[in-house]
Amino acid sequence: MILTVTLNTALDITYRVPELVPHAGHRVDEVTERPGGKGLNVARVLAALGHESVVTGFVGGRTGAVLRELLAPLTPVDALVPVAGTTRRTIAVVDTATGDTTQLNEPGPQITADEWEAFLTAYEPLLRQADAVALCGSLPPGVPVGAYADLVRRARAADVPVLLDTSGEPLRRGLAARPDLIKPNLDELARLTGSREPLRAARDARRRGAHAVVASLGPEGMVAITPDGTWQATPPAPVRGNPTGAGDSAVAALLSSLVEGAPWPSRLRRAVALSTATVLAPVAGEFDAKAYEELLTQVRVESLPA
């Protein structure tokens, strides 16, 4: 199975409005709620791809109860750790006239030292059952800034491949623990390295400790610098839609390809196709299955000089 860690889970709420106008009242055409946070989105996509997945992280309060209720009928196994605080909400407002999305993210519950220790106690046995682990998203208040570095080291000690998908200081600290793969977007990579040139920044990130780096370039696809080579994968054309969850779908594609032993060009082709198909889906954390199959034959992957 593949384990996904979401320390800052969320209840994802999507509002669809005919047109989003600043300083105006709006009538909402449609409201959807989904269990969310990056790792839960990854696990849901992994399940759709046919992989067994287990989700862990923190959950609490009324929002957390709704999240677990919505998660229960889905395929990912719930191994979330309860806390006294209340799980956050994220609000996506989709302007159906333009396809643009405005995102509002709450900070998350305050985590106590005892709750962090309870999570670590739960994490170790889950690791022993995992074929790979993804550490995803922001840290809720109270969790040590070096938390991901600790979790990477524990995964490496258990000989479990680990993908780190976070940003800022947690990413900087996590790199020092030498994760197998990181998947920043271009802005996150620039904040880490000081460079907005993708290949230069990705090489810098790899020198800082990552075994491999896959950088998302938004509508321009992805670049990967790995021990086996350097590649760029590009979608056939830009698409408009809801980008929420597109990066998480890319993580799911990379993880599923890793445990299947697929070569890097295939991993990137899947990641770009799946993330693009997610932008085309109407609800965060889902993907357009038909578009995904079509895009697999259309994404271009080219080898770049090392």
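The values are calculated or read from the model by the stated rules, or taken from the named source; none is laboratory data. Everything numeric here is computed off the predicted structure, so don't read it as measured data. Here Cβ is always computed from backbone atoms with ideal geometry, including for glycine, and neighbour counts include all displayed protein chains. Heavy atoms of the whole protein, side chains included, go into the accessibility calculation; ligands, DNA and RNA do not. Shrake-Rupley method; radii C 1.70, N 1.55, O 1.52, S 1.80 Å.
Going residue by residue through the range 20-35, is there one that turns out to be in contact with a Ser or Thr (Cβ under 9 Å, 6 or more places away or on another chain) and open to solvent by less than 10 Å² (accessible area, probe 1.4 Å)? Within the range 20-35, one or more residues are in contact with a Ser or Thr (Cβ under 9 Å, 6 or more places away or on another chain) and open to solvent by less than 10 Å² (accessible area, probe 1.4 Å). Applying the criterion of being in contact (Cβ under 8 Å) with a residue 24 or more places away in the chain and crowded, with 21+ Cβ neighbours inside 10 Å to the residues of the range 287-306, the residue that is nearest to residue 219 (Cα to Cα) is 299.
With respect to residue 236, determine if the residue is at pLDDT 95 or above and surrounded by fewer than 21 Cβ atoms within 10 Å (Cβ to Cβ). No. Just so you know, in the range 143-186 the residues that are in contact (Cβ under 8 Å) with a residue 60 or more places away in the chain and part of a helix (DSSP H, G or I) include one that is farthest from residue 261 (Cα to Cα), and it is 147. Just give me the residues in the range 20-47 being part of a loop (DSSP other than H, G, I, E, B), of a type in the set (Gly, Ala, Ser) and touching a residue at least 12 places away in the same chain (Cβ under 8 Å), in sequence order. Passing the criteria: only 37.
Of all residues assigned to the range 159-167, none qualifies as being within 23 Å of residue 182 (Cβ to Cβ), touching a Lys or Arg at 6+ places or on another chain (Cβ under 6 Å) and not acidic (Asp, Glu).
Got a sec? Which of 251, 259 is within 23 Å of residue 182 (Cβ to Cβ), surrounded by 24 or more Cβ atoms within 10 Å (Cβ to Cβ) and in contact with a strand residue (DSSP E or B) (Cβ under 7 Å, 6 or more places away or on another chain)? Steps first, answer last, please.
Numbers: 259 fails: surrounded by 24 or more Cβ atoms within 10 Å (Cβ to Cβ).
From the options 251, 259, the qualifying one is 251.
Total residues in the range 199-222 satisfying the condition of being open to solvent by 30 Å² or more (accessible area, probe 1.4 Å) and not charged (D, E, K, R): the figure is 4.
How many residues does the range 123-143 hold that are more than 20 Å from residue 169 (Cα to Cα) and open to solvent by less than 30 Å² (accessible area, probe 1.4 Å)? Total meeting the criteria: 6.
So which residues in the range 39-66 are open to solvent by 70 Å² or more (accessible area, probe 1.4 Å) and either under 21 Å from residue 85 (Cβ atoms) or in contact with a Gly (Cβ under 9 Å, 6 or more places away or on another chain) (or both)? Scanning the range 39-66 gives a single hit, 62.
With respect to residue 110, determine if the residue is open to solvent by 10 Å² or more (accessible area, probe 1.4 Å) and either over 19 Å from the mean Cα position of the chain (by Cα) or hydrophobic (A, V, I, L, M, F, W, C) (or both). Yes. Restricting attention to the range 255-306, the residues that are farther than 27 Å from residue 91 by Cα and small (Gly, Ala, Ser) total 7.
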